[in-house]
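Engineer: Below is a structure I'd like to ask you about.
The values are calculated or read from the model by the stated rules, or taken from the named source; none is laboratory data. Being a predicted model, the structure only gives us computed values, none of them experimental. Note that we place each Cβ from the backbone using ideal geometry, even for glycine, and neighbour counts take in every protein chain shown.
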Amino acid sequence: MSNPVVVDIGPVTAADVVAVARDFATVSLAPAAVQAIAESRAVVEALAEDPNPHYGISTGFGALATTHIPRERRAALQTSLIRSHAAGTGTPVETEVVRAMMLLRLSTLATGRTGIRPATVDLMVGLLNAGITPVVPEYGSLGCSGDLAPLSAVALALIGEGDVDVVTGTTAVRRTAADALAAAGLTPVVLAEKEGLALVNGTDGMLGMLCLALHDLHYLWDTADLAAAMSIEALLGTDQVFLPELQALRPQLGQADSAAAIAAMLATSPIVASHAGPGDNRVQDAYSMRCTPAVHGTARDTTAHASAVASRELASAIDNPVVLPDGRVLSNGNFHGAPVAAVLDFLAISVADVASISERRTDRMLDPARSRGLPPFLAYEVGVDSGHMIAQYTQAGMVAELKRLAVPASVDSIPSSAMQEDHVSLGWHAARKLRRGVDAVRRVLAIEILTAARALDFRSPLQPGPVTGAAVAKVRERVPGPGPDRHLAVEIDAVVDLLAERQL
């Protein structure tokens, strides 16, 4: 269990998002946040008494913003908003995505800019700490006016409606929200003025998935450098192209980092040393080897940019309207998901590129015309065994899929709400396809590592370097070395698990 996360008026961190989403860290509100929530609620309640209309407080929503709602119908208005906007459909999204959304919405509520009541915020905290996760369908968000349908599905649980998953350890049980809240000693709320909007106007779904993806990709880019080093070593490639003086001629930060990492892993390799020296003519390795730092480094730089955007979004109070510190309640467009959607798409491009170059290195190890002495397809008994032939097919299929997933969602837009919401971000869609991309690139890299480990075994009695050798040893804890063909899918998944567990 991770350390508790305290939600204050300032931003939560991406690490906080991961801790709550994946490790079920408990959540509490800081005293300053409690005070800020109460102060902004007082402003909303004062405006509720005002005979002049105020959007979301005494009016309808979206294209119905000019419709005045009498005081006695405003609670029904808020409840109707949640019920009608919880219009998603499809397979429920992952528990970690919903918990990330909940924490991020809670963080915005804690800023004191939304006008929500303290009791409603306390119930959100209670759901997180009780492991109660609302069921959120995959389809429904356009990524503008917030992730409306997904966040409405979350808000539905706060009023005791809809279904939830109650997670205990590794077990999740589907229950009605009413039953789950009662069992946890929690009481549903009756929403008051402004609260429905405060619960659903945010970029929390797409931002949560961005934070989770960034957490995974930071590790996977290190893994990609390791996989490349193993493959270059197995292919008797040169390490001279990774020299710092060559990288300095092109001062791209990510490229320098990847080149340095690969050079360090190859520096003391007996295999590399076996063909190094004045007589080594391997100065023009294929691009998939020689240009690895450019591709991996670009992914690192893209991730750094996406992390900067995420950190700014984490520091944002996304709602409409918002309660300003001077007491004004103003409409705005900060809920538009464009900043997040663009970097989600940008990351999908880098994911596809890293997977593509990984597949090319794998294919090279399997081709006797290019593998510099390795057996065809790394088969144990050539002609009888197929070795890793079809593992590369699997990689190729995933790379093809990743290219399709790299097509940006954020350049699309479908008008909605009677043309009131006439330009949307589709950031939720960008986030969903990036999640598929992260899973696929992990699997592509796992196949390269599995293949490179087998190729390095075939180089015996020459031994790999300490780092790549340790990686081979870690793989061999779960997958045997070369031998007659075995059920290869099981071995691929074993290395996928190694990466998912961060064992390499």
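Engineer: Looking for something buried (at least 16 other Cβ atoms within 10 Å of the Cβ), modelled with pLDDT of 90 or more and basic (Lys, Arg) - is there at least one such residue anywhere in the stretch 66-78?
Structural biologist: Looking for residues that are buried (at least 16 other Cβ atoms within 10 Å of the Cβ), modelled with pLDDT of 90 or more and basic (Lys, Arg), one finds none in the stretch 66-78, hence no.
Engineer: Let me ask something else. Working only within the stretch 318-343, note down all residues that are more than 18 Å from Ala430 (Cβ to Cβ), out of contact with any strand residue (DSSP E or B) (no Cβ under 7 Å at 6 or more places or on another chain) and crowded, with 20+ Cβ neighbours inside 10 Å.
Structural biologist: Result: Asp319, Asn320.
Engineer: So, one more: Taking the condition out of contact with any Pro (no Cβ under 6 Å at 6 or more places or on another chain), farther than 30 Å from Val166 by Cβ and surrounded by fewer than 22 Cβ atoms within 10 Å (Cβ to Cβ), does Asp50 pass?
Structural biologist: Details: out of contact with any Pro (no Cβ under 6 Å at 6 or more places or on another chain): yes; farther than 30 Å from Val166 by Cβ: yes; surrounded by fewer than 22 Cβ atoms within 10 Å (Cβ to Cβ): yes.
It is true that Asp50 is out of contact with any Pro (no Cβ under 6 Å at 6 or more places or on another chain), farther than 30 Å from Val166 by Cβ and surrounded by fewer than 22 Cβ atoms within 10 Å (Cβ to Cβ).
Table: residues versus (1) crowded, with 24+ Cβ neighbours inside 10 Å; (2) within 29 Å of Thr302 (Cβ to Cβ).
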| position | (1), (2) |
| --- | --- |
| Tyr139 | no, yes |
| Ala182 | no, no |
| Ala192 | no, no |
| Val200 | yes, no |
| Thr203 | yes, yes |
| Cys211 | yes, yes |
| Asp216 | no, yes |
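Engineer: Which ones in the stretch 141-177 are modelled with pLDDT of 95 or more, of a type outside the set (Gly, Ala, Ser), surrounded by 21 or more Cβ atoms within 10 Å (Cβ to Cβ) and within 23 Å of the chain's Cα centre (by Cα)?
Structural biologist: Within the stretch 141-177, Pro150, Leu151, Val154, Val164 qualify.
Engineer: Separate question: Would you please list the contacts, defined by Cβ atoms under 6 Å and residues six or more apart or on different chains, that run from a residue in the stretch 163-189 that is in a helix (DSSP H, G or I) to a residue that is among the hydrophobic types (A, V, I, L, M, F, W, C)?
Structural biologist: Listed pairs, sorted by first residue: Ala177/Ala157; Ala177/Val164; Ala180/Ile132; Ala180/Val164; Ala180/Val166.
Engineer: Separate question: Quick test for you: out of Gly373, Gly397, pick the one residue that is surrounded by fewer than 20 Cβ atoms within 10 Å (Cβ to Cβ) and under 25 Å from Gln284 (Cα atoms).
Structural biologist: Numbers: Gly397 fails: under 25 Å from Gln284 (Cα atoms).
From the options Gly373, Gly397, the qualifying one is Gly373.
Engineer: Suppose we keep only residues that are of a type in the set (Asp, Glu) and surrounded by fewer than 16 Cβ atoms within 10 Å (Cβ to Cβ) within the stretch 402-440. Which one would you say is farthest from the chain's Cα centre (by Cα)? Step through it out loud before you land on a result.
Structural biologist: The first filter runs over the stretch 402-440 and keeps only residues of a type in the set (Asp, Glu), leaving 412, 421-422, 439.
Applying the additional criterion that residues be surrounded by fewer than 16 Cβ atoms within 10 Å (Cβ to Cβ) yields 412, 422, 439.
Details: Asp412: 21, Asp422: 27, Asp439: 10 Å.
If we take residues in the stretch 402-440 being of a type in the set (Asp, Glu) and surrounded by fewer than 16 Cβ atoms within 10 Å (Cβ to Cβ), then Asp422 is farthest from the chain's Cα centre (by Cα).
Engineer: Would you mind telling me which numbered condition in (1) surrounded by fewer than 15 Cβ atoms within 10 Å (Cβ to Cβ); (2) assigned to a loop (DSSP other than H, G, I, E, B) Ala489 fails?
Structural biologist: The single condition Ala489 does not satisfy is (2).
Engineer: Give the residue, chosen from Thr133, Thr114, that is under 21 Å from Ser40 (Cβ atoms) and among the β-branched types (Val, Ile, Thr). Before the answer, list the steps.
Structural biologist: Working: Thr133 fails: under 21 Å from Ser40 (Cβ atoms).
When all the criteria are applied, what remains is Thr114.
Engineer: Restricting to the stretch 294-307, count the residues that are surrounded by 21 or more Cβ atoms within 10 Å (Cβ to Cβ), of a type in the set (A, V, I, L, M) and within 26 Å of Val17 (Cβ to Cβ).
Structural biologist: Total meeting the criteria: 2.
Engineer: Among (1) outside the structural domain of Glu448 (by TED's automatic domain parsing); (2) crowded, with 19+ Cβ neighbours inside 10 Å, which single condition is Leu236 missing?
Structural biologist: Status for Leu236: all satisfied but (1).
Engineer: Same structure, new question: List, please: which pairs have Cβ atoms under 6 Å, are six or more places apart or on different chains, and start with a residue in the stretch 327-356 that is without any contact (Cβ under 8 Å) to a residue 12 or more places away in the chain and end with one that is crowded, with 21+ Cβ neighbours inside 10 Å?
Structural biologist: Leu330/Pro321
Engineer: Which ones in the stretch 448-458 are in contact with a Ser or Thr (Cβ under 6 Å, 6 or more places away or on another chain) and among the aliphatic types (A, V, I, L, M)? First the steps, then the outcome.
Structural biologist: In the first step, residues of the stretch 448-458 are kept if they are in contact with a Ser or Thr (Cβ under 6 Å, 6 or more places away or on another chain); the result is 448, 451-452.
Scanning the stretch 448-458 gives a single hit, Ala452.
Engineer: Something else about it: For the stretch 356-371, does any single residue satisfy the condition of being of a type in the set (Asp, Glu), part of a loop (DSSP other than H, G, I, E, B) and within 17 Å of Ile449 (Cα to Cα)?
Structural biologist: The initial filter retains those residues of the stretch 356-371 that are of a type in the set (Asp, Glu), namely 359, 363, 367.
Remaining after also requiring part of a loop (DSSP other than H, G, I, E, B): 367.
Of the ones still in play, those that are also within 17 Å of Ile449 (Cα to Cα) are 367.
Yes: one or more hits.
Engineer: Look through the stretch 121-147, keep the residues that are assigned to a loop (DSSP other than H, G, I, E, B) and of a type in the set (Gly, Ala, Ser), and return whichever of them is nearest to Thr171 (Cα to Cα).
Structural biologist: Across the stretch 121-147, the extreme among qualifying residues is Gly131.
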